[in-house]
Every structure is written in C-alpha cells, then in structure tokens.
Amino acid sequence: MEEIYCFAGNPLDRVSERRRDAGWIASLLDEPATRLIPLRDLKPSIRNGSQMALDWQPVGAWRDVIAAGATLAFLGIAEGRAHFALDATGTDQLPDPATENIDVRTLAPLIAGAEAAILAEARSVVDWHARHRFCAQCGTPSEVASAGWARHCPRCKAHHFPRVDPVVIMLAIRGERALLGRGRRRPGARFSCLAGYMEPGETLEDAVRREVREESGIRCGRVRYLASQPWPFPSTLMMGFLAEALTEDITVDPEELVEARWFTRDEILDMVARAAAGDPDPATTVPSLPGPVAIAHQICRRWANGFDSV
C-alpha cells in the first residue's frame, strides 16, 4: 500500500479546466458554502481552544480585502464546497482575536493529513505571487489571472505560471550502512539524507548520482525511486530515492556539508525512534534525524526497518 507523507494526498478537485472562467469563479465566491483560508506572512490561522485545524472562513468578511486587490487563489472543490487561499499579509483587516497564525512547519504535523496537503498548495501559490509580481520578460507589473494560477503581463502579453522546483533526496546504501550528511544550517548533530536541485538536461538518476558525488565523493550505481513529497518552502517537489554506493571513502564538499558519515541500520533505527518521539535538544552531540514531517525521516525509517533495498 502506498504511503502518504505529510503535505501529500490533497483531496481537492482542482477543476483546472475552469480556472479561466471568471464568471464561474465569481459564482463560487457568491456561494454561502465557499470557504477561504487567510494567510498572514504565509502563516494560516487556527482557532484558539479548538481541535487543531485550519480556520476556514466565509468569503463575506473578506470582500473588501479581495476588492482592494489582495491575492486570491482558487484551490479546488471537495464535497461540493469551493476552497480559496487569500494573502492577508499587510491588510487593514484585523485578525480575529479568537484565532492565531502558526508557522506551517509547526502546524502541519498537528492537523489532519488532508488539511496539511491543502495548506501546502495554498502556501506555495500565495508565496509564488508574492515573489513574482513583475513580468520576467519585460519587467512590467503583472496581473493575477486564471483564478490565481497564472500572471499576465499587460504590456508584452506574456503569461507566467507557478513553478515547482524538483529536488532529489537520497539515501546512499552500502551493505548494512547508509550515508547521512550534516549541513551548516542544521542544529546540533542533526543529520539527514543528501539532497539537491535538479539541473537542466538531467534525468532523476543522473541528479542523484551527481549530488551524492559532489557532496560526499561517493560514487553510486543503481538508483531506485521511493516516493515524493510536496514541500512548500517555498515550492519544491522532493523526490526520494535509494542509491547503491559503489565506493565508501568520503570526501566532503565543505561548501555543502560540515560532515558526512556512514551509519549502521541499528544506529539509524535508534535515530528514527528518537526523532519520532520529539525534536532533540539542539545542543546535543548525539546524531539525530529530522522529524516525521520530512521525507528524509521516512526514507531512513523505511530502509532501517528493512522495507526497501536498491
């Protein structure tokens, strides 16, 4: 059975074929059942004192904000209800005192998986608009189009669409040991799978082999795809792999990693258990892994439990 990772498994029908139908989108906004999630500085609101869940709100209270030009994106429909995301950053409308805005990394593991997946969609699209207000072709301020899924340049007529950056993330395996690295920005002794952005003209397998070799000096042979995960920081697709390590002598690229080392299956099992129990003390010198929200944790868990081989 396929595993569903955090931010995956979005239940919304995106109805992409109707996004350019402005009349239909307007009719959805007039539906009493329609809900939107306001994001302030890309943080969604939740209602205090309730079960941890996104605070989906009626459109009516946000009409003036929408009319003033705040970015609004249609997310999709589920069970007959349309869902939108609204960039409420810097608006004059005060937040409801009964709600609070929480960072997505913190919130995602605490809410239902389907809601986390919708939140990933909402955050990525809103963030893209905030970063791409000008036409990349001529520099003219562009306009939101296709219900938030495009920007149109009124001068050169270019169309721009939300981008997703492909990232390979992999666990290199040699016998009963696996290679993990520690980056400069990771707290304490936090290790993780090696990872990197794909480059033009590469296959997924080529990117896996290149990134492992560049960061650790290890050369890889066979590559096996495991799973993928949307990662809305800002908008990447993490594609997870196991890679057969053909060599074992490590030469770290100091610009990429502080260190890299081989860990036994039992060592990684212990790291997985401790990470699943909660974030380790940043000051600890005991090697640790990212928490279960990250696909790196899940790749390590699957391999350490013997579920996968190259």
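Key figures
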{"item": "Filter result for the condition that a residue is at pLDDT 95 or above and of a type outside the set (A, V, I, L, M), over Pro38, Pro95, Pro109", "result": "Pro38"}
{"item": "Pairs where the first residue, in the range 78-89, is over 17 Å from Ala120 (Cα atoms) and the second is in a strand (DSSP E or B), C-beta under 8 Å, 6+ apart", "result": "Arg81/Arg35; Thr89/Leu39; Thr89/Arg40"}
{"item": "Failed item in (1) more than 18 Å from the chain's Cα centre (by Cα); (2) closer than 27 Å to Val15 by Cβ, with Leu107 passing the rest", "result": "(1)"}
{"item": "Residue within the range 148-163 that is farther than 26 Å from Trp24 by Cβ, more than 24 Å from the chain's Cα centre (by Cα) and hydrophobic (A, V, I, L, M, F, W, C) present", "result": "yes"}
{"item": "Residue check for Ile250: touching a strand residue (DSSP E or B) at 6+ places or on another chain (Cβ under 8 Å) and assigned to a loop (DSSP other than H, G, I, E, B)", "result": "yes"}
{"item": "The one condition in (1) within 26 Å of Ala108 (Cβ to Cβ); (2) in contact with a helix residue (DSSP H, G or I) (Cβ under 6 Å, 6 or more places away or on another chain) that Arg182 fails to fulfil", "result": "(2)"}
{"item": "Count of the range 179-224 residues which are in a helix (DSSP H, G or I) and farther than 14 Å from Glu259 by Cβ", "result": "11"}
{"item": "Test: Glu244 is assigned to a loop (DSSP other than H, G, I, E, B) and surrounded by fewer than 22 Cβ atoms within 10 Å (Cβ to Cβ)", "result": "no"}
{"item": "Residue match in the range 39-47 (condition: out of contact with any strand residue (DSSP E or B) (no Cβ under 8 Å at 6 or more places or on another chain) and of a type in the set (A, V, I, L, M, F, W, C))", "result": "yes"}
{"item": "Odd one out for Thr99, checked against (1) among the β-branched types (Val, Ile, Thr); (2) touching a residue at least 60 places away in the same chain (Cβ under 8 Å); (3) surrounded by fewer than 21 Cβ atoms within 10 Å (Cβ to Cβ)", "result": "(2)"}
{"item": "Enumeration of residues in the range 81-138 that are among the basic types (Lys, Arg) and part of a helix (DSSP H, G or I)", "result": "Arg105, Arg123, Arg131"}
{"item": "For Arg163: the one exception among (1) more than 28 Å from Val125 (Cβ to Cβ); (2) touching a residue at least 60 places away in the same chain (Cβ under 8 Å); (3) outside any strand (DSSP E or B)", "result": "(1)"}
{"item": "Whichever residue in the range 102-138 is β-branched (Val, Ile, Thr) and in contact (Cβ under 8 Å) with a residue 12 or more places away in the chain and, among such residues, is surrounded by the most Cβ atoms within 10 Å (Cβ to Cβ)", "result": "Val126"}
{"item": "So Arg81, is it more than 20 Å from Pro234 (Cβ to Cβ) and either crowded, with 19+ Cβ neighbours inside 10 Å or out of contact with any Ser or Thr (no Cβ under 6 Å at 6 or more places or on another chain) (or both)", "result": "yes"}
{"item": "Number of the condition not met by Arg261 [criteria: (1) touching a helix residue (DSSP H, G or I) at 6+ places or on another chain (Cβ under 6 Å); (2) closer than 13 Å to Leu194 by Cα]", "result": "(1)"}
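The values are calculated or read from the model by the stated rules, or taken from the named source; none is laboratory data. Since the model is a prediction, treat every value here as computed from it, not as a measurement. No Cβ is skipped: glycine too gets one built from the backbone with ideal geometry, and neighbour counts run over all protein chains shown.
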